[in-house]
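The values are calculated or read from the model by the stated rules, or taken from the named source; none is laboratory data. Keep in mind the model is a prediction, meaning the values are calculated, not measured. Cβ sites come from the backbone with ideal geometry, for glycine too, and all protein chains shown count toward neighbours.
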Amino acid sequence: MPKKKEDLSALEGLSVNDLAAQRKEIKNLLATLEDDYRKAAVTEKSYQEVKKKNQEKLAKITEILYNMGITEDEPASTPAPAATAQHAASPPPTGSP
C-alpha cells in the first residue's frame, strides 16, 4: 500500500513564530539524524526517508517565511524588509511646517 504524502499546505496557516519554531526543530532533527546515521544507529532506508520528508517540509517553511519577508538568518520578530526600506526612504521631520 503506498504511503500517503504529508499535506504541507497546513503550514500555510501557521504564524511566523510557529513556522520559525518548526524550522528550528527540523534543523535540529536533521542534525541528530545525520549523527545517528554516522553512528549506524539508523538504517540507510530510514535515514533517506526521514531526511527527504523533513527537507521537503523545511523547504516549504523557508519558502513561506521568505514570502512573509523573513530571511533564513532573521529572527521571527524582525520587520519585513519592505517596511524597513519604506521607513528609511522617508525624510526626517523638520520641525517647522
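Of all the criteria given as (1) out of contact with any Gly (no Cβ under 9 Å at 6 or more places or on another chain); (2) modelled with pLDDT under 95, the one not satisfied by ILE61 is (2).
Being among the basic types (Lys, Arg) and either over 17 Å from the mean Cα position of the chain (by Cα) or surrounded by 12 or more Cβ atoms within 10 Å (Cβ to Cβ) (or both) is the filter here; which residues of region 32-63 pass it? Passing the criteria: ARG38, LYS39, LYS45, LYS51, LYS53, LYS57, LYS60. The set of residues from region 44-69 being on the phi < 0 side of the Ramachandran plot and not in a helix (DSSP H, G or I) comprises just one member, MET68.
Could you tell me whether region 30-43 includes any residue that is assigned to a helix (DSSP H, G or I), modelled with pLDDT under 90 and not β-branched (Val, Ile, Thr)? No - not one qualifying residue is present in region 30-43.
For PRO81, state whether it is surrounded by 11 or more Cβ atoms within 10 Å (Cβ to Cβ) and at pLDDT below 55. Against the criterion (surrounded by 11 or more Cβ atoms within 10 Å (Cβ to Cβ) and at pLDDT below 55), PRO81 qualifies.
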